[in-house]
Amino acid sequence: MPLHRPFKTLLAAGALSLLAAGPALAEPAVELRGTGDLGVVIERATGSVALVDTTHKRVLRNIEGFGDLSHASVKFTRDARHAFVFGRDGGLTRLDLLTGEIDGRIIQGGNSIGGAISQDGRFVAVGNYEPGGVKVFDVETMELVVDVPATYEKADGTTDQAKVVGVVDVPGNMFVFSLFEAGEIWTLDMSTEEHEVTRYRDIGSMPYDALITANGRYYIAGLFGEDGMALLDLWHPEKGVQRILPDYGRGEERLPVYKMPHLEGWAMAGDQAFFPAVGRNEVLVADTRDWSLTQRIEVHGQPIFVMSRPDEQQVWVTFAHPDNDRVQVIDTRTHEVIETLSPGESILHKEFTPRGEHIWISARDSGHVVVYDTRTFEELARLPAESPSGIFFTHRAHRIGL
């Protein structure tokens, strides 16, 4: 796809070249722009990403060379200049959003699905399935700073490496993550040279994903091996991990689970939390003041991503196979489904623009991304993409846990 506006160089580089060449050899001035309305769309089938402009709703460039993106995620640097792409092949790739080019790539593990960038912007942490553990790299040099193996003791007394999930950044220059097989939550303090690790054991069976609330206080891990969730209050870590919502599914027969729901996109709206039920066609609602379950909302299928519009008046829900051809919108005041949309086939990922006036939704098997007006539900644009999945906009650079 042609690049509508050239990505060449920054102002400093352009000014130096003009000075060196002299007035007679001066080149036309390059276009300057910020990165605040840029984003990337993962194109999983081709190991590429689409660099997008959210103001003009267009693809600027398709960039290849990211490896296996079958389950990829993206984090943005503090200045929103670079995007770090975490690949399933263990690749950690840095993309320059202004030049539209890859300017760093390493294979740091065997299988990674996510990570985080520290509060001060100096470190990028990668959570690994294989060999297990977390590796932390310098954002500028991409050199290894610390390697934390996820070693745990099994019931028979032997040790093993656990898959790491739910890596997030939290205030204090810390990372928090969960160990799937171990049933543990760990914190990694990067504020000192010692890089202290704190372990919270016996938090529940098979933590499969996690989220951090917008203020960085509560780290919540979903449990696949049992009902309920595990909550760590980072304002009062001495209290340890608390079990919340322990009984919401007890005594009920679950449906087959086609895909694990994601918790990163939990919807917070005032003192309510909206989140997916594992193996049920329900969105659950909890009171965040005491984390008690208050309501179940019947929806089209098994929810995967439950995300709140920035003004918290709507929750948008996507679903697992075989019901992944719809998107539903819930009014957070009435808890009613107020709209059902059909953007295409294999719908999963979506992203709001920073103030929530638009939402971008990827239709993987239809080969396009659809942009909607979140007030009128009108389709505004349909952009071609190669098996699009995750959508990530640069406003995430300035939010805890995103």
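Heavy-atom accessible area of T192 with all protein chains present, probe 1.4 Å, nearest 10 Å²?
Rounded to the nearest 10, the figure is 60 Å².
Of the accessible area of region 120-184, with the probe set at 1.4 angstrom, what percent is carbon plus sulfur? Walk me through the intermediate numbers first.
Details: 1230 of 2600 Å².
Exposed carbon and sulfur together represent 47 percent of the surface.
Return the Rg/Rh value of region 325-380, two decimal places, where both radii are evaluated on C-alpha atoms and Rh is the Kirkwood radius.
On the way: Rg = 11.3 Å, Rh = 11.7 Å.
In region 325-380, Rg relative to Rh is 0.97.
Mind jotting down the three principal axis lengths of region 165-213 based on Cα atoms? Whole angstrom, largest first.
Its Cα atoms span 32, 21, 12 Å along the three principal axes.
Rounded to two decimals, what ratio of Rg to Rh does region 300-347 give with C-alpha atoms and a Kirkwood Rh? Each step should come with its number before you reach the end.
Values: Rg = 10.4 Å, Rh = 10.8 Å.
My calculation puts Rg/Rh at 0.97.
With a 1.4 Å probe and all protein chains left in place, how much accessible area per residue does region 308-402 have, in Å²?
Normalised by residue count, the accessible surface of region 308-402 is 41 Å².
In square angstrom, what is the accessible area per residue of region 44-124 with a 1.4 angstrom probe? If you can, show how the numbers build up before the last one.
Working: 2640 Å² over 81 residues.
Normalised by residue count, the accessible surface of region 44-124 is 33 Å².
At 1.4 Å probe size, what's the solvent-accessible area of H300? Round to the nearest 10 Å².
For H300, solvent-accessible area is about 60 Å².
Find the lysine pairs in the chain meeting two conditions, Cα atoms under 18 Å apart and a separation of 8 or more places or different chains, and report how many there are. Intermediate values should be presented prior to the final figure.
On the way: K57/K350; K75/K135; K75/K350; K135/K163; K154/K163; K163/K259; K259/K350.
Close lysine pairs found across the chain: 7.
Tell me which trypsin sites (Lys or Arg not before Pro) from region 260-338 have a DSSP coil assignment and no more than 13 other beta carbons within 10 Å of their own.
Working: sites: R280, R289, R296, R326, R333; in loops: R280, R289, R326, R333.
For trypsin sites (Lys or Arg not before Pro) across region 260-338 that sit outside H, G, I, E and B with at most 13 neighbouring Cβ atoms in 10 Å, the list reads R289, R333.
Calculate the spin-label point distance for R78 paired with E357, positioning each point 7 Å from the Cα along the beta-carbon direction, and give it in nanometres.
3.1
With angles folded into 0 to 90 degrees, how steeply does helix 11-21 sit against the dominant principal axis of the chain? Use alpha carbons for both and round to 10.
20
Report, as a whole number in µm² per second, the diffusion coefficient that Stokes-Einstein gives for the chain at 4 °C and 1.567 mPa s using the Kirkwood radius over alpha carbon pairs.
Values: Rh = 21.9 Å.
Rounded to a whole number, D works out at 59 µm²/s.
Grab the other residues whose beta carbon is less than 11 angstrom from that of G356, score K and R as +1, D and E as -1, and report the net.
Working: positive: R309, R355, R375; negative: D311, E312, E351, E357, D373.
Here the count lands on -2.
How much of the accessible area of region 302-385, probe 1.4 Å, is carbon plus sulfur, in whole percent?
On the way: 1350 of 3320 Å².
Summing carbon and sulfur atoms, their accessible area is 41 percent of the total for region 302-385.
Can you send over the carbon and sulfur percentage of the accessible area for region 28-112, probe radius 1.4 Å, protein chains only? Could you put the intermediate results ahead of the total?
On the way: 1430 of 2950 Å².
Reported share for carbon and sulfur atoms: 49 percent.
Sum up the charges of everything whose Cβ sits under 13 Å from the Cβ of L234, counting Lys and Arg as +1 and Asp and Glu as -1, but leave L234 out.
On the way: positive: R217, K239; negative: D169, D189, D233, E238.
My count for the surroundings of L234 gives -2.
Based on the alpha carbon coordinates of region 348-402, what radius of gyration and maximum Cα-Cα distance (Dmax) apply, in Å?
In Å, with Rg to one decimal and Dmax whole: 11.7, 33.
Keeping all protein chains in position, work out how much accessible area K239 exposes to a 1.4 Å probe, and write it in Å² to the nearest 10.
150
Average projected area of the Cα convex hull of region 257-368, in nm²? All intermediate terms of the calculation are to be shown ahead of the outcome.
Numbers: hull surface 26.0 nm².
Orientation-averaged projected area of the Cα hull: 6.5 nm².
The values are calculated or read from the model by the stated rules, or taken from the named source; none is laboratory data. Keep in mind that what you see is a predicted model, and the values were worked out from it rather than measured. Positions of Cβ are generated from backbone atoms using ideal geometry, with glycine treated the same way; all protein chains shown enter the neighbour counts. Just so you know, the surface numbers come from the protein's heavy atoms only, side chains and all, with ligands and any DNA or RNA stripped out. Shrake-Rupley method; radii C 1.70, N 1.55, O 1.52, S 1.80 Å.
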